[in-house]
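Novice: Okay, here's the structure, questions in a sec.
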Amino acid sequence: MKKNIKLPIGIDDFSKIRTEGFYYVDKTGMIRELLNNWSEVNLFTRPRRFGKSLNMSMLKYFFEYGCDTGLFNCLAIQNEKCLCDEYMGKYPVISISLKDVSGRTYEEAYAMLRSIIGNEAMRFLFLKHSSQLSKEEKRLYEQLIAIGAAGQAQFLMSNDALTDSLLTLCKLLHKHYNQKVILLIDEYDVPLDKAQHFGYYDEMISTIRNLFSRALKSNNSLHLAVLTGCLRIAKESIFTGLNNLRVLSIADVEYDEYFGFSDTEVREMLHYYSIDENYELFRTWYDGYRFGNTDVYCPWDVINYCAKLRADPDAAPRAFWINTSGNDIIRTFLRKAGPAARREMESLINGGTINKKIRQELTYRDIYKDMDNLWSVLFTTGYLTQCGSSDGRSFLLKIPNLEIWEVFTEQIYEWFQEEARKDTPKLDAFCEAFPQADADTVETLFTEYLKKTISIRDTAVRKNQKENFYHGILLGLLSHREDWVISSNAESGEGFSDILIEIEEYDTGIVIELKYPSDGNLETGCLNALAQIEEKGYATHLLQNGMKNIIKYGIACYKKKCKVVSRDS
């Protein structure tokens, strides 16, 4: 059946998608825009997992000599007959991805870069026997393919040879075909990100700058170049003297619909797979990004959740995007943030907006120098999105959707636990107050902790999410006691209790129920929590496990305040 067309999870090869029965969201209109709005060197910056690599593969298969024109049957670009006649399959194409240029040392990353370029050169083995090339030019080509064949760090290649490698390959292909070259460089900034992380940034920035300068500036064999990446690296850092560069970022209107899925495209996909009833879940979790003037969904999330729902119609949405990165930028932000920045983060977490001046040109070295740069990186990498612009530099920012909200809250939990564990005596005193039924100490210390964290308090966030947030903070603090058996949302009696604790040393069991009273009445919130413990019999599980002393806690939280009431039984 047609409905059996597969979902392309993690597949970014255009030909494979088109020939092996995968669902494809047509982005070939990008080719028309690229050719009709000409610029020799184009840089597209988008967050990860928004279709950059697939679009680059699409460009390769469209322009390259010997392309299978059938790959583009029934796609938008086929309606542009003149453009297809003039450009489809008419160019030599050099296509490399730098996403794997990584290593703990510069030498390891350098070897990987050589291998990637060498392996791409090996696609053109016909140059070894080209009647259009001189012996010296063939010798230069042999140098290029040698590093691809070796692919090892011990292969010695001079810096000059690597610097000239892309330029050399362009010139050789140009001479062989008597046609200028299309150059595609995907994930151009990954080597710099890794270099900054592992401490060899100076060496790598010099290598990449020289490589790009030779290939992109005054290259008479270049017809068109397209680069993609997450960040727009400052021109003076990497693109010095490159006057033919056109940068197209998430703030630009041009090409805004070609990265990410539009609402219409998502609706069509859901209808195709007969899962239309889940539309609101998709919209709440994965929509909300704004590129230029277009609202888009994250394709990675949409495709992954579609696949889950096809296998299990009751599958709940979850954060797929978070698993593709370590989210280091959020942790760094939280560590560096002062009171003002944390207050702004609270506003975002609670569904609000903030106005920030965004620096779209940065260097990886500058990212962590000040908070303004960190706000800019959160924006350019997709953790925040625009919802208004005043002057092209200052933007109203917000958290785009529930998935990214969960990313932030998870990182806040981890950061908060790191901070709390720096004061072990205080954390010990907080935990020890629970088996002593010392509600006053629990209340005092928990209030102090809440004042230092980023809280969920605004009505824009659903009540259960607020309670879950305070639940997570409390659970993180209590986990300090590794000798306690702690259960969260455990089935007990006639329901699921928030937190159950078994302290075998004292034969003591603790039941904790949290409430978020929307009217701020903490006393009533505590009493309602205790009543629920009794009505639902939440202590049953503890008694069955041999706990003789049961202490029940009703805890109510509102903004940065809390009230704690305990009862023995």
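The values are calculated or read from the model by the stated rules, or taken from the named source; none is laboratory data. It should be emphasised that the depicted structure is a prediction, and the values quoted were computed from it without experimental measurement. Neighbour counts run over all protein chains shown; Cβ positions are idealised from the backbone, glycine included. To get the accessible areas, we keep the full protein, side chains included, count just its heavy atoms, and leave off ligands, DNA and RNA. Shrake-Rupley method; radii C 1.70, N 1.55, O 1.52, S 1.80 Å.
Novice: So if I restrict to the alpha-carbon atoms in region 241-303, what is the Rg, and what is Dmax, the biggest pairwise distance, in Å?
Specialist: Answer for region 241-303, Rg first and Dmax second: 14.5, 53 Å.
Novice: Could I ask something else about it? So how many Å³ per residue does the convex hull of the Cα atoms of region 95-225 work out to?
Specialist: 92 Å³
Novice: Which whole-angstrom value gives the distance between the alpha carbon centres of region 15-91 and region 369-388?
Specialist: Between the Cα centres of region 15-91 and region 369-388 lies a distance of 30 Å.
Novice: Still on this structure, I have one more. Near K398, which lysines are there with a Cα under 21 Å away, not counting those fewer than 8 places off in the same chain?
Specialist: K336, K356, K357, K463, K466, K559
Novice: A follow-up question, please. Please report the relative contact order for the chain, taking Cα pairs under 8 Å with a sequence separation of at least 6, and give it as a percent rounded to a whole number.
Specialist: Reported as a whole number, the value is 11 percent.
Novice: Which entries in the list K515/K560; K27/K180; K6/K308; K6/K81; K52/K175; K138/K175 go over 19 Å, if you measure between the two C-alpha atoms of each?
Specialist: K27/K180; K6/K81; K52/K175
Novice: Once you have the Kirkwood Rh of the chain from its Cα pairs, apply Stokes-Einstein at 4 °C and 1.567 mPa s and quote D in µm²/s.
Specialist: 48 µm²/s
Novice: Please calculate how many Å² of accessible area region 334-453 carries per residue, with a 1.4 Å probe and no DNA, RNA or ligand atoms counted.
Specialist: 41 Å²
Novice: Could you work out the relative contact order of region 201-324, using alpha carbon pairs under 8 angstrom and six or more residues apart, expressed as a whole percent?
Specialist: So the answer I get is 20 percent.
Novice: May I ask for the Kirkwood hydrodynamic radius of region 200-334, worked out over all distinct Cα pairs and given in angstroms to one decimal?
Specialist: It works out to 18.1 Å.
Novice: If you don't mind, there's one more thing I want to ask. If you count, for each residue, the other Cβ atoms within 10 Å and average over each peptide, how do 124-131, 469-476, 441-448 line up from highest to lowest?
Specialist: 469-476, 441-448, 124-131
Novice: Per the 1.4 Å probe, what fraction of the accessible area of region 282-402, in percent, lies on carbon and sulfur atoms?
Specialist: C and S atoms contribute 44 percent here.
Novice: Separate question: Measure off, as a whole percent, the carbon and sulfur share of the 1.4 Å-probe accessible area of region 406-451, all protein chains present.
Specialist: Here it works out to 44 percent.
Novice: Take every DSSP beta bridge whose two residues both sit in the chain, then give the antiparallel share in percent to the nearest 5.
Specialist: 50 percent
Novice: Next up: Rounded to the nearest 500, what is the chain's calculated 222 nm mean residue ellipticity when only DSSP H runs of at least 4 contribute -39500 (n - 2.57) each, over all residues?
Specialist: -13500 deg cm²/dmol
Novice: Quote the charge dipole size of region 54-202 about the Cα centre in Debye, to the nearest 20; the model charges only the Cβ of Lys and Arg (+1) and of Asp and Glu (-1).
Specialist: With only Lys, Arg, Asp and Glu charged at Cβ, the dipole is about 480 debye.
Novice: Carbon-plus-sulfur fraction of the accessible area of region 19-164, 1.4 Å probe, in percent?
Specialist: 49 percent
Novice: Can I ask one more? Just to confirm a number: summing +1 for Lys and Arg and -1 for Asp and Glu over residues other than Y286 whose beta-carbon lies under 14 angstrom from that of Y286, what do you get?
Specialist: -2
Novice: Using packing as a proxy for protection, rank 347-357, 477-487, 278-288 so that the peptide with the highest average count of other Cβ atoms within 10 Å comes first.
Specialist: 278-288, 347-357, 477-487
Novice: Now a separate question. Looking at region 82-229 only, what percent of DSSP beta bridges run antiparallel? Nearest 5 please.
Specialist: Antiparallel bridges make up about 0 percent of those DSSP assigns within region 82-229.
Novice: Ordered by packing density, taken as the mean number of other Cβ atoms within 10 Å over each peptide's residues, highest first, how do 65-71, 374-380 rank?
Specialist: Descending packing order for the listed peptides: 374-380, 65-71.
Novice: Using alpha-carbon pairs under 8 Å, 6+ residues apart, how would you state the relative contact order of region 388-540 in percent?
Specialist: So the answer I get is 16 percent.
Novice: Ratio of alpha-carbon Rg to the 2.2 N^0.38 Å globular estimate for region 1-104, to two decimals, please.
Specialist: Normalised by 2.2 N^0.38 Å, the Cα Rg of region 1-104 equals 1.14.
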